Each structure stands twice: as structure tokens, then as C-alpha cells.
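Visitor: Next up is a structure, given as C-alpha cells.
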Amino acid sequence: MNDLLKLIDRFQALKAKTGAGKTSSYQLTMTFDPDGDSIEIQWGCYDIADYPRMYETTSTRVDLLSHMQQEIGKMEVAVEHLSRTVN
């Protein structure tokens with residue numbers, strides 16, 4: 001559980017670099033399929049480069065942490081690239 005909370009904090013820490021233009025920015029929603037292994041993740045990405053306002057991905061329970069690490073890593077790169085082109 002602590003690893004999951006650390007990843008959520010890492011995602012939401014991007015707000016310090018981009019600001020939060022909308023209340024949906026940096027919200028995170030997870031929906032667990034009660035009959036299967038899939039987890040739908042809805043990321044509030046309004047202020048992350050050219051990501052859509054609500055970005056959706058799907059993972060499995062086993063791969064959830066690595067899936068989130070990969071997605072957050074991509075977002076961090078996008079934010080870093082955007083900040084270099086703006087400055």
C-alpha cells in the first residue's frame with residue numbers, strides 16, 4: 001500500500017511544476033473489476049503537456065505498480081520537455 005501511495009504522491013507532485021488549471025488536474029481514480037483482474041485508471045492530466053484532460057489506462061493487479069511507474073515516468077518526461085520549451 002505504501003508503494004501505491006508513493007506513486008500517487010509522485011504523480012501529484014507534478015502539480016508543483018505545472019500548476020493545476022482545473023480541479024480535475026492530478027486526480028486519480030481506480031476501478032477494480034470485481035469479476036476479473038483488470039484495473040482501469042483514470043488520470044487527471046489537464047495540465048500535463050498535450051495529454052487529454054482525462055487520460056485512461058488499464059492494468060492488471062499484478063502489474064499495477066510497474067504500470068503506474070511507467071505512466072508517471074512518461075508524464076514526467078512530457079512535463080520536463082514542456083518546461084524546457086517554454087523557458
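Bear in mind that the values in this text are calculations on the coordinates, not laboratory data. Being a predicted model, the structure only gives us computed values, none of them experimental. Here the Cβ positions follow ideal geometry from the backbone for every residue, glycine too, while neighbour counts run over all protein chains shown.
Visitor: Can you sort PHE32, PHE11 from fewest to most other Cβ atoms within 10 Å of each residue's own Cβ?
Guide: Ascending number of Cβ neighbours within 10 Å: PHE32, PHE11.
Visitor: Would you please give the residues with an amide H less than 5 Å from that of MET54, counting only those at least 5 places away or on a separate chain, with H modeled from the backbone geometry?
Guide: Here the answer is CYS45, since their amide H atoms fall under 5 Å of that of MET54.
Visitor: For the chain, find the longest principal axis of its Cα atoms and tell me its angle to the long axis of helix 2-12, 0 to 90°, nearest 10.
Guide: Taking the Cα atoms of the chain, the angle to 2-12 is about 30 degrees.
Visitor: Straight-line reach from LYS15: which aspartates and glutamates have a Cα under 19 Å away, not including same-chain ones fewer than 8 places off?
Guide: LYS15 reaches ASP47, ASP50, GLU56, GLU71, GLU76, GLU80.
Visitor: Mind checking the full-extension length gain between THR23 and GLU80? Use 0.36 nm per residue of separation minus the Cα-Cα distance, one decimal, nm.
Guide: Result for the pair: 18.3 nm of gain on full extension.
Visitor: Using only Cα atoms, tell me the angle between helix 64-86 and the longest principal axis of the chain; keep it within 0 to 90° and round to the nearest 10.
Guide: Between helix and principal axis, roughly 10 degrees.
Visitor: Another question about this same structure. Does the stretch 28-77 come out rounded, prolate or oblate, given a ≥ b ≥ c as the square roots of the eigenvalues of its C-alpha gyration tensor, rounded meaning a/c under 1.5 and, failing that, prolate meaning a/b above b/c?
Guide: oblate
Visitor: So, one more: Among LYS15, LYS22, which comes first, then next, by fewest other beta-carbon atoms within 10 Å?
Guide: LYS22, LYS15
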